[in-house]
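The structure under discussion appears below in the form of structure tokens.
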């Protein structure tokens, strides 16, 4: 019986693979000329159990909507995404993409046809482990 | 006199048949641990197995199996065959999946328990070694509500899901609920005890509290298919 337990423990340990899906840490500086777009909404990111800070802005550039994180800094984590959500719990959201970096100016396109009046929050979300890193209410 | 002889021979013959049948039936208690990446299972089963054939090499059995599945951050995908394969007929097993119909449900800490009727087939390849296959056929599941993230391309919903309560083995994705199966090998240590190793294929299923999938039709059932390495013990009762 002890041998069986030992085998089981060994197999469990071997099966716990190391993940290498952390967000890049190299600072980014996406190109977006805010002088040629209209600021629609903005808000401040607040960390939720994690160290995250920055400003979130929603711009309208000739009908195309973009979310800009600038300035931005975040604690690293696996599988971090940017969610554009209807509510603070991200019960309904649009995934804008993988977080490009833990630092620097980042631009994310909002899908065409999105009713921006219904989406009032931006989340930095660890998708793999269902953990919210930060939230910003934009208005 | 002839009648008496016939009667006596019938009684003797039926007695020997019963005695032979008693020899051909064995009961087993099996305990197995399955493991794969970020998930594991414990299953306990009781099996009533009949030995068949002149050399009693083959076995067919029925039993009951309790399976408990535990995982972390497991992806479940659209379950109904009508969506995954576009049909529900008997030939669905030969149909390719339709990727655009399949969405994901990421369950943060899945834990599903199932109690099912189990079917067993085995073959004794030597005095000590037996290979076999078993599969759950019908039963029910239970477990707590879990936080889950439904993902359909760029959109998603954070929701709650419960284990699908009713389990039934049908064909391919027509299956419903939580069903366990094993392709196994046992090695007898004594008349009563054997060690067992298997490839365990465990389906678990969650139903979301609302029909979160909208395209191509509404759906609330999501399935995880886990292939696990399993070790265990078998005790003849």
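General observations
- Rounded if a/c under 1.5, otherwise prolate or oblate - the range B:148-213, Cα gyration tensor axes: prolate
- Between the helical axis of B:2-24 and the longest alpha-carbon principal axis of chain B there is an angle of about 40 degrees.
- Computed from the C-beta positions of residue B:44 and residue A:117 and an R0 of 45 Å, the FRET efficiency is 0.25 to the nearest 0.05.
- The radius of gyration of the Cα set in chain B, together with its Dmax, comes out at 22.3, 89 angstrom.
- For the range A:63-139, the share of alpha carbon pairs falling in successive 10 Å distance bins from zero is 19, 57, 24, 1 percent.
- Cβ crowding within 10 Å ranks B:29, A:118, B:169 as A:118, B:29, B:169, fewest other Cβ atoms first.
- The range B:184-237 shape via C-alpha gyration tensor axes, a/c threshold 1.5: prolate
- On the principal axes of its alpha carbon atoms, the range B:39-156 extends 61, 33, 23 Å, with the longest extent given first.
- Residues B:173, A:21, B:162 arranged by fewest to most Cβ contacts within 10 Å: A:21, B:162, B:173
- 17 Å tail of the calculated P(r), the range A:8-139, as % of Cα pairs: 57 percent
- Residue exposure sequence - B:218, A:137 - by fewest surrounding Cβ within 10 Å: B:218, A:137
- When only Cα pairs below 8 angstrom with a gap of at least 6 residues are kept, chain B shows a relative contact order of 20 percent.
- Principal axis analysis of the Cα atoms in the protein assembly as shown yields extents of 117, 45, 31 Å, listed in decreasing size.
- Computed label-point distance, nm, for sites residue B:58 and residue A:98 using a 7 Å Cα→Cβ extension: 5.3 nm
- If you take the Cα centroid of the range B:34-83 and the Cα centroid of the range A:90-125, the two points sit 42 Å apart.
- Principal semi-axes of the equivalent ellipsoid, √(5λ) from the alpha carbon gyration tensor of the range B:83-146, are 31, 22, 12 Å from largest down.
- Between B:24, B:111, B:200, the residue with the greatest mean-square fluctuation in the GNM of chain B (Cα pairs under 10 Å linked by springs) is B:24.
Rule-based calculations on the coordinates, nothing more; no lab input. The shown structure was predicted, so the numbers you read here are calculated from the model rather than taken from an experiment. Don't worry about glycine lacking a Cβ; one is built from the backbone with ideal geometry, like all the others, and counts go over all protein chains shown.
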